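Q: Have a look at this one.
The values are calculated or read from the model by the stated rules, or taken from the named source; none is laboratory data. Keep in mind that what you see is a predicted model, and the values were worked out from it rather than measured. With ideal geometry, Cβ positions are generated from the backbone for all residues, glycine too; neighbour counts draw on all protein chains shown.
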Amino acid sequence: MSFRSILFDQSGPDSGFASGPESGTAVDGQGAPDFFTDLRLDKVVASITAGRERYRLGPFFHAPLTSEEAIAYRHEVFRDLEDPALLGVVRSFARQMQLMRDHLARGAASHYRFERARWFLDAVDVYCAAVTGLADGLTASQPRSRGFQGLRDYLVASIASDEFGALQAETRALEADLDRITYLLQIEGARVRVSRYEPAPDYSADVAQTFEKFRQGEAKEYRFDFSSGSHMNHVEAAILDLVARLHPEVFEALDRFHGRHQYYLDETIGRFDREVQFYVACLEYIERFRPAGLAFCYPTVTSRSKEIRARAVFDLALAEMLVAEQAPVVTNDFHLAGPERILVVSGPNQGGKTTFARTVGQLHHLARLGCPVPGVDARLFLVDRIFTHFEREEDLQSLTGKLEEDLRRIHRILEQATPASLLIMNESFGSTTLNDALFLNRAVMEAIIRRDLLCVSVTFLDELSTLGETTVSMVATVDPHDPARRTFRIVRRPADGLAYAWAIAEKYRLTYEEIRARIAR
C-alpha cells in the first residue's frame, strides 16, 4: 500500500511530493523553463499535450528529474506501455474515468437534488468498475516495471478493503432499488397525477390482432420520445418529487449516499489517472514519426561521465513539420570523448547549425524527464540546468543596447551555471564587429572551459574550435557538386574557414546566385 505515483519513484529524491501529507505533487507550480522557447520545446510540449488539457500535463514537462534511478523508473513504465494489451487497459481506464467526470459535471450543473444525486451514484458506479477493471487488467498483463507492479498491488489491496467493498455493495444495492421503482402517470390537461403502479391487463396484442385485417401499409409512428436534453426540466423534476414521495425510503437512501460519499475518489488512483497520461501522450506523439522511419531510443543517462554520444538524432519541432509535409528529415550524429566538452558548430548560413544545437538541448531535457529521445542510440549527461544564449530582438524600451544586454545575459548564465550544466549558444555577439565578437566569444569560451561546462556554440568564428583539447569542431556541410545546396548534415571535422566568408557574402548580396542573377539582368 506504499505506492503513490506512476511518475515519481517515491524512494528517491525525485519523489515529486512536498513534505505535507496532503500537499500532493510539488510540480504544479513550475512554469516553463527559460530555455523552452529557444529550443522550441514549447512547441513540442504543446503538440504532445494537445487534446489532453484537462490533465494539465505541462508542469510534468517543466520538472526534470535529478537522479539516474528516477529516470530508470520512468523508462520501465514506458517499456511496459509498449505492450498493446497493457496500453489498452490504461486507455480503457482513462475512458471510464472521463465518463465518471462527465457524470459528476452533469450532476453539478443540475438544479434538482435527486437528479444531482443520481448522476453522483452513476459516477461512483463507473469509478468502482474502472478500478476493478484496471486491477484485473494489470494482473493479467504481468507488468515488469516497479511503477505498475506497485500500482497493481495497491489496487488489489484497495479493492479487498472493507471501505471499497462497502462502497461497491451500497452502490449496487441502491441502483437495484431505483431500477425496481415503477409508477403510474396520468395526465389530464394541465393536471398530472402520479400513483403507485398496479398491474393491469395488456390489451395491446388483442387490439392489434382485431384491426390487422384493416391494415393498409405502415402506420405513422405516434409513440412519444422523451427529451434527450442533458438535464431535467421543471415538469420532470416535479414528477420525480412525487415519485420520491411514493418511495421515500429509496430516495432518502439516495440522498444519504450523495452526502456520505463525497470523497469516494481515492487520491492515489486519481493521481494515477492524471499522471499516466504523460506516458500515453508521449508514446502517441512518437507514433507520428514512425511512418517516416525515424527512430526513438531510451538513452543511457549518467551523472558520472561527460562522454556523450548520439546517433541519427533530429530536432522534434522541425521533424514534426517535415513529416506532416512528407518531406525528408536529415539526422545527425555527435560525440564527446575524454576531455572534450564543447561542440563548436560552424559552416554556411541556413545549413542546419541552429537546428543541430537545438537538437542537443532537446535531447538532454527529454533525457532528464525520463522520456525516449529521438535517435537510434544515445548516451547523455544528466545535467542539472540548461541555459541558452540566443539572439534577442533589441528592446526599444530598454536603456541598454543590444550588445550590453547580450553581455548581461551571458554574465547571469555564467554566474548560475555549475560544472553539471549545459549551455547552448547561437551566434552570440553577432551585433558587433568581427574583432570584438572574437574577443568576447573567446573570453566567454575560456570561462566555460574553466567551469567545465558542456556547451554547444554555433558561430561563424572558426578560431573558437581550436581553443584547446576541450573544443571539437563540427561543420555544416554543402553538396560538393553544388556549394549553394545545403545538406543539413553536421559532421565532425576541422573548420574550413569559409563560414565567415559566407556570412559576409550573404550580407552584401555577393553570393554566386546573386551575382549571376545581377549579371543576367
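Q: Given the criteria surrounded by fewer than 23 Cβ atoms within 10 Å (Cβ to Cβ), modelled with pLDDT of 95 or more and either closer than 15 Å to Phe296 by Cα or in contact with a Lys or Arg (Cβ under 8 Å, 6 or more places away or on another chain) (or both), does Asp384 qualify?
A: Judged against the criteria, Asp384 is not a match.
Q: Counting only residues that are crowded, with 17+ Cβ neighbours inside 10 Å, touching a strand residue (DSSP E or B) at 6+ places or on another chain (Cβ under 6 Å) and outside the structural domain of Val344 (by TED's automatic domain parsing), give me the strands (runs of 3 or more DSSP E) lying completely in the range 420-500 with at least 1 of them.
A: none
Q: Are there any pairs, at least 6 apart or on different chains, whose C-beta atoms fall under 6 Å, with the first in the range 445-471 and closer than 18 Å to Ser431 by Cα and in contact (Cβ under 8 Å) with a residue 24 or more places away in the chain and the second assigned to a strand (DSSP E or B) and β-branched (Val, Ile, Thr), and if so, which?
A: Ser457/Val344; Val458/Val345; Leu464/Val344
Residue-by-condition table, conditions (1) touching a strand residue (DSSP E or B) at 6+ places or on another chain (Cβ under 7 Å); (2) among the charged types (D, E, K, R); (3) under 30 Å from Arg245 (Cβ atoms):
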position: Arg116; (1), (2), (3): no, yes, yes
position: Asp122; (1), (2), (3): no, yes, yes
position: Val126; (1), (2), (3): no, no, yes
position: Arg144; (1), (2), (3): no, yes, no
position: Leu151; (1), (2), (3): no, no, no
position: Val156; (1), (2), (3): no, no, no
position: Glu163; (1), (2), (3): no, yes, no
position: Asp177; (1), (2), (3): no, yes, yes
position: Leu185; (1), (2), (3): yes, no, yes
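Q: Determine the pairs where a residue that is touching a residue at least 12 places away in the same chain (Cβ under 8 Å), located within the range 76-90, has a partner that is charged (D, E, K, R) and surrounded by 19 or more Cβ atoms within 10 Å (Cβ to Cβ) with Cβ atoms under 9 Å apart, the partner being 6 or more residues away or on another chain.
A: Going by the 9 Å Cβ cut-off, the qualifying pairs are Leu86/Asp80; Leu87/Asp80.
Q: Here is a check on your reading of the model: is Glu405 at pLDDT below 95 and either surrounded by fewer than 19 Cβ atoms within 10 Å (Cβ to Cβ) or touching a Ser or Thr at 6+ places or on another chain (Cβ under 7 Å) (or both)?
A: yes
Q: Select from the range 55-71 the residues that are in contact (Cβ under 8 Å) with a residue 40 or more places away in the chain and either surrounded by fewer than 18 Cβ atoms within 10 Å (Cβ to Cβ) or part of a helix (DSSP H, G or I) (or both) and list them in ascending order.
A: Once the filter is applied, which keeps residues that are in contact (Cβ under 8 Å) with a residue 40 or more places away in the chain and either surrounded by fewer than 18 Cβ atoms within 10 Å (Cβ to Cβ) or part of a helix (DSSP H, G or I) (or both), the range 55-71 yields Tyr55, Arg56, Phe60, Phe61, Thr66, Ser67, Glu68, Glu69, Ala70, Ile71.
Q: Ok, one more. Answer yes if at least one residue in the range 495-504 is at pLDDT 85 or above, under 22 Å from Ile308 (Cα atoms) and within 41 Å of the chain's Cα centre (by Cα), and no otherwise.
A: yes
Q: Search the range 1-27 for residues being acidic (Asp, Glu) and surrounded by 13 or more Cβ atoms within 10 Å (Cβ to Cβ), and hand back the single one that is modelled with the highest pLDDT.
A: The extreme case among them is Asp9.
Q: For the range 338-373: of the residues being hydroxyl-bearing (Ser, Thr, Tyr) and crowded, with 24+ Cβ neighbours inside 10 Å, which is farthest from Arg442 (Cα to Cα)?
A: Thr359
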